[in-house]
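Report on the structure given below.
What follows is calculated from the coordinates using simple rules that are stated; it is not laboratory data. The structure displayed is predicted, hence computed values, not measured ones. No Cβ is skipped: glycine too gets one built from the backbone with ideal geometry, and neighbour counts run over all protein chains shown.
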Amino acid sequence: MSQYFLLRHRDIPGIGKIDVYKKNGGFEAFKKAVTSMKPAEVTDAVKASGLRGRGGAGFPAGVKWSFIPNNIWPHYVVANADESEPGTFKDREIMESNPYQFLEGVAIAAYAVGANAAYVYLRGEFWPVAHFLDEKIAEMEKAGFLGDKLFGTDYSLRIHTHLGAGAYICGEETALLESMEGKRGQPRIRPPFPAVYGLYGKPTVVNNVETLTNVPLIIEKGADWYKSLGTPDSAGVKIFSLSGRVKKPGNYELPFGTTFRELIYKYGGGIIDDRPVKAIMAAGASSTMIVADDKALDTPMDYASVRALGADLGSASVIVIDDTVSIDWVIGKTIHFFEHESCGKCTPCREGCYWMLHLIERIEHGEKTKENVELLHSVAKQMQNKCLCPLGEFSTMAVTTAIERFPADFKD
């Protein structure tokens, strides 16, 4: 793209400095929202834009905000910056290079749901980013964009950062809230959902970093402008984190509807040594395995089209696998990760990940017997739709589809 909307630092050098951000229209959307729009109007604008959550679930952001009840107070907004999915590295670039647009999105979301306190929850390894954001928040307070009686109104807001302890499970929103409260990072049973019973038992909106970074654009340019980007099913632009066996891995901001072929060959430079593509994981380690035939490569990258391939776009962490890689080795990596990160709260995930790990280790050490492969597939299938949170489900996605779609890689 010739113009960036989220990765604006690539077009505008120094946009991470508050003066440069202000000169390029920074905080005008927040001012517009607070001074000339009612909170419900902000929520309606985001709803009308079709903005979907960029953390993986793809749930409409405005709809999520509208669930906040107005008879229980206080309200909170939490930005989920616990970017722990293998293959995902977009949120960190936003926070490090275009921080004010992200923080402005947090502020607009807080105004929309009537929150006077907002938090940015970062994975433990992001402590330098947390300190960096603290500096940016202090600059916003000094400039009058955070604090009391903002823009001459009665609205007040403060933003705080909160570091986790580096647990993948805390990317799940209820485990994140438990962690923020000083408890063990384990998912809550839902319902109630965070919109009603969230942080400290109060109504809370939890949104991903990339999701919130879109919000100032919607308030500034309007819902119709935003819907004009992307596809009817998936409005706007998306940052695709491309990795694996490509020549130019990295973050690529593109409209929804760009095909896998364009991402891999036009932007990613093609495959190392010009090998053929074998498989695609569209959502990082949590993905199903997509057979990279011509149909798949020419599929538009939006939520509905990718789902038609028997996969999910998720956070668009596209991992590309070529014909030099054995698929059983790939799922060995994903199983090791999920077994290590399982919080152990629910039995299907705790025991299922344990047994999947032992079975894939047998297979990796030369016991690619039909019995071991079938047992691994059976364990994974029995875990599905039985776990307390998505981690258990995610741990099985690559396993079942790899065995079903790449059977040759599991034979002696």
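Does a label point 7 Å from the Cα of SER66, set along Cα-to-beta-carbon, have any residues of the range 88-117 with amide nitrogen under 19 Å, and which are they? Hits in the range 88-117 for SER66 at 19 Å: 109-115. Put in line by how crowded their Cβ is, counting other Cβ atoms within 10 Å and starting with the fewest, HIS377, HIS340 read HIS340, HIS377. Between ARG405 and TRP127, the contour length at 0.36 nm per residue exceeds the alpha carbon distance by 96.0 nm. Considering only SER243, SER342, VAL306, the residue lying farthest towards the positive end of the dipole of the chain is VAL306, judged by Cα position with unit charges set on Cβ. With Cα atoms defining each centre, the range 183-232 and the range 31-76 are spaced 7 Å apart in the structure. Of the residues HIS365, HIS336, the one with the fewest other Cβ atoms within 10 Å heads the list, and the complete ranking is HIS365, HIS336. For a straight C-alpha distance cut-off of 14 angstrom, the aspartates and glutamates reachable from LYS90 (same-chain residues fewer than eight places away being disregarded) are ASP82, GLU210, GLU253.
For the range 1-131, how big is the tail of P(r) above 18 Å, as a whole percent of Cα pairs? The partial results should precede the final answer.
On the way: 5099 of 8515 pairs.
When every Cα pair of the range 1-131 is considered, 60 percent fall beyond 18 Å.
Taking a point 7 Å from the Cα of LYS295 along the Cα-to-Cβ direction, the residues of the range 235-276 with backbone N closer than 17 Å to it are 260-261. If you add up the charges near PRO128, with Lys and Arg at +1 and Asp and Glu at -1, over every other residue whose beta carbon is less than 15 angstrom from its beta carbon, what do you get? Every neighbour counted, the sum reads -4.
The label point for LYS183 and the one for ARG307, both projected 7 Å from the Cα toward the Cβ, are 3.1 nm apart. Overall shape: prolate for the range 327-410, with the ratio a/c of the largest to smallest alpha carbon gyration tensor axis at 1.5 or above and a/b above b/c.
Using the count of nearby Cβ atoms within 10 Å as a rough guide to exposure, how do ASP274, ASP409, ASP233 rank from fewest to most?
On the way: ASP274 8, ASP409 20, ASP233 16.
Exposure proxy ranking, most exposed first: ASP274, ASP233, ASP409.
For ALA143 and LYS248, the FRET efficiency from 1/(1 + (r/R0)^6), where r spans their Cβ atoms and R0 equals 51 Å, is about 0.85. Looking at the chain, the DSSP beta bridges with both ends there are about 45 percent antiparallel. Taking each of LYS295/LYS411; LYS47/LYS227; LYS183/LYS345; LYS142/LYS202 in turn, the alpha-carbon distance tops 18 angstrom for LYS295/LYS411; LYS142/LYS202.
Between the C-alpha center of the range 122-157 and that of the range 313-327 there is a gap of 37 Å. If you take all other residues with their beta carbon under 10 Å from the beta carbon of ASP298, and give Lys and Arg +1 and Asp and Glu -1, the sum is -1. Projecting the Cα atoms of ILE219, TYR119, GLY230 onto the charge dipole of the chain, computed from C-beta unit charges around the Cα centre, puts ILE219 farthest toward the positive end.
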